[in-house]
Amino acid sequence: MSLYERYGKRALDVAGGAVLAVVGAPIMGAAAAVLWRTQGRPILFHQTRVGRNGREFTIVKFRTMVPGAVHQGAGMWFEPEDPRVTPVGRWLRASSIDELPQVWNVLRGDMSLVGPRPKPPEIVHRYMTRYRETLRVRPGLTCLAAVEGRNTLRRSQMIEADQRYSRRVTLGSDVAILLRTVAVVVLRRGYHAADESEEWVEDVPADDVAG
């Protein structure tokens, strides 16, 4: 493990997370107010995700879908013009504002500013032989896959990007991904995908390795 991975990356997370929390506070406050007025409680969405070394934690996001959405329709996948996504939620997802509360996860140490996006346990267990390598690093608020295609990528492409990142974690690559993320968010690149169904996304065979 490099000196940056051992000490520098966490220092960047704390400093960057603190700045993001301060700068993003008015935006998060406004988003919370709009959500409260248009769709009521709960404002936040909590879900179990798998972090570094397989440790599970609770991720925090602004709620963009109807309550209990994961038990309706396509489950954790999406349909074209998915009716479970609320009107305000559609805008929050497109702008990535729904992800801002995860700065709390970064400051807590559950996540990093940059790293493979944290996956639900069901997905990690399904592809454990492929994800085991990427679990050695903290999951990130943004990632290589997000700047290389976001929602237009299939599972094989997301896994390959996660593995590529985890094999070479450097300050330069993290800064580059952060800068590219700004462009992706501002220009809304990769948000609209022709198909986000399970049949299209999951293009690699599941394995039988238990978590």
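Coordinate-derived values only; no laboratory data. None of the values given here were measured: they were computed from a predicted structure. In this analysis, Cβ positions are derived from the backbone assuming ideal geometry, glycine residues included, and neighbour counts consider all displayed protein chains.
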| said: Quick check: pseudo-label points 7 Å beyond the Cα along Cα→Cβ at VAL14 and VAL175, how many nm apart are they? | reply: 2.1 nm
| Difference of contour (0.36 nm per residue) and Cα-Cα distance, TRP91 to ALA25 | 22.0 nm
| request: Compute the Cα gyration tensor for the chain, then decide on rounded, prolate or oblate, letting a ≥ b ≥ c be the square roots of its eigenvalues: rounded whenever a/c is under 1.5, prolate when a/b is larger than b/c in the other cases, and oblate in all that remain. | output: oblate
| Within a Gaussian network of the chain (alpha carbon springs, distance under 10 Å), most fluctuating of PRO118, PRO101, PRO42 | PRO42
| query | If r is the Cβ-Cβ distance from HIS71 to ARG108 and R0 is 22 Å, what FRET efficiency results, to the nearest 0.05? | reply | 0.20
